[in-house]
Amino acid sequence: MAELHARVLIAGGGTGGITLASWLRRLRPDLEVAVIEPSPFHDYQSGWVLVAGGFVDLASTRRQEAAVMPPGVRWIHGAVAAFDPDHDAVELADGRRLGYDVLVVALGLQLNWSAVRGLDACLGRHGVTSIYSRPLASYTRHCLETFQGGTAVFTHPATPIKCGGAPQKIMHLADQRFKARSGVGVRSRLLFCTAQPALFPVAAYSERMVAIAAERGEEVRYHHELVAVNGAERMATFRVAEPGQPEREEVIGFDLLHVVPPMAAPEVVARSPLAVNPEEGWVEVDPRTGQHPRYPHVFAIGDVGSFPTAKTAAAVRLQAPVVAANVLAVLEGRAPQPGYDGYSACPLITSDHSVMLLEFDYRQQPVSSFLVNPVKERWFTWLLERFGFPWIYWNRMLTGQPHEAAYLKPFEGIARRLGLMRWQNKPRH
Ligand code: FAD
């Protein structure tokens, strides 16, 4: 028997949990919503790249969790230790048991630093760093600013990751910083070692990314998975599994190593009945409604869901109104409606004045919220990334406001007639 009961219980008060809570309360101001979240802080994770690039300070990427909790929503301070969907209950690490009418899982994903041998021991030292950790964002900035030349290696793991473009963003920023110091003798070689067979899953973007790397002299190695790091000796070991070739190990010496660790569903989800299966631990969802196919009173939003698209805050932005409407539908005994088309986006920073805004959906085709060809680096998208998106995140997204593209939608017909949409093969809907 649960000690506490909520009409809607949201597990996780990060990007997805807070955005969804805001949507629910905006649509139904009297709805009882509770959010389980252990952290006293809320982070704008996309901002860590801007910290590393020296554009913003670290403090600007964090707010108190209490400050982002929507008015009227109950914050349950604690961490989920187990899901018991057969009894519509959740257990917390402190032993409390909570019941719900509808549960929304928004626990994000887990970074598995220790899956790379030796990495834990040298992170934040010997030039080994990562923008995927808040404290290391500042160390990354330090590394970029004090680099004395040599080989800089940037990795991308075999697993799905959040914001698939971020590993390249930091490389391009590093390249620009190093080249600016070539006049004082800084000579650099940049190596992008990815375990993937391509730079990005959407072919049109991937082709442009290959071209950008080639224009800059950044070397790309595919099928290279980082498996071990020796910080003191500055050696990184990669498992190389090229198609048709026997698997081998390659050791690469580095002066700077930027690591993106393997990522996975949080263990508490992976070992629960909510997971697709124990190996692929994401919460199983219908990709268009966010609803669990076996537990109709359970939904997921954000990185933790099995949505077959890239894991980003941008995806959360368009999942939230659909999941919110469907949560209300279930509470009222109606059938959930499909509405999420797999939209996801990642602003690929290519320099301190250009961004290619990678927007796409389940069709794996480029789409554009701004009615212009997205396969292009632009200054205005840089301004959006640097100034627009942080403001939008705190002031519009977390408060449950619709995506800005909704305001441009009526102009799509005109843009099409003017020939601005020629790059798009088919209309989106
Ligand atoms: P999170 O925001 O991570 O929230 C998960 C929450 O669950 C956290 O608050 C956590 O404390 C809580 N939690 C964890 N375990 C428990 C538990 N057991 N019980 C209760 N609560 C728990 N996205 C973009 O759209 N554009 C970008 O440019 C971009 N760049 C990025 C750059 C970097 C370096 C990083 C790290 C991410 C970037 N992202 C970007 C991705 C974006 O931040 C995530 O996709 C987004 O935050 C996902 O939201 P979420 O709610 O699923 O997870």
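Where a number appears in this text, it was derived from the coordinates with a stated rule and is not lab data. This structure is a prediction, so every number in the text was calculated from the model and none was measured. Every residue, glycine as well, gets a Cβ built from its backbone with ideal geometry; the counts of neighbours run over all protein chains shown.
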TODO: Determine the gain in length on full extension of the stretch Val375-Ala232; use 0.36 nm per residue of separation and subtract their C-alpha separation, reporting nm with one decimal.
DONE: 47.4 nm
Open item on the list: For the pair Arg416/Arg294, report the inter-label distance in nm, with labels modelled 7 Å from Cα in the Cβ direction.
Closed with: 4.2 nm
Task: Rounded to 10°, Cα long-axis angle of helix 15-27 versus longest principal axis of the chain - done: 40 degrees
Open item on the list: Once the convex hull of the alpha carbons of the chain is built, what does its volume come to per residue, in cubic angstrom?
Closed with: 148 Å³
- [ ] Of all alpha-carbon pairs in the stretch 189-284, indicate the percentage at a distance above 19 angstrom.
- [x] 58 percent
Open item on the list: Counting C-alpha atoms alone, how compact is the stretch 113-262: give Rg to one decimal and Dmax as a whole number, in angstrom.
Closed with: 14.6, 44
TODO: Just rank Glu359, Glu37, fewest to most, by other beta-carbon atoms within 10 angstrom.
DONE: Glu359, Glu37
- [ ] Take the Cβ-Cβ distance between Arg117 and Arg7 as r, set R0 to 41 Å, and report the resulting FRET efficiency rounded to the nearest 0.05.
- [x] 0.30
Task: Helical mean residue ellipticity (222 nm; -39500 (n - 2.57) per DSSP H run of 4+; nearest 500) of the chain - done: -7000 deg cm²/dmol
TODO: Rank these for me by crowding, Tyr295, Tyr132, going from fewest to most other beta carbons within 10 Å.
DONE: Tyr295, Tyr132
Task: Packing-based exposure ordering (other Cβ within 10 Å, fewest first) of Thr309, Thr140, Thr399 - done: Thr399, Thr309, Thr140
Open item on the list: Just to be sure I follow: if Rg is taken over the C-alpha atoms of the stretch 344-417 and Rh is the Kirkwood radius over the same atoms, what is Rg/Rh?
Closed with: 0.97
- [ ] Taking the chain as the reference, fit the longest principal axis to its C-alpha atoms, fit the long axis of helix 166-180 to the helix C-alpha atoms, and give the angle between the two in degrees, 0 to 90, nearest 10.
- [x] 30 degrees
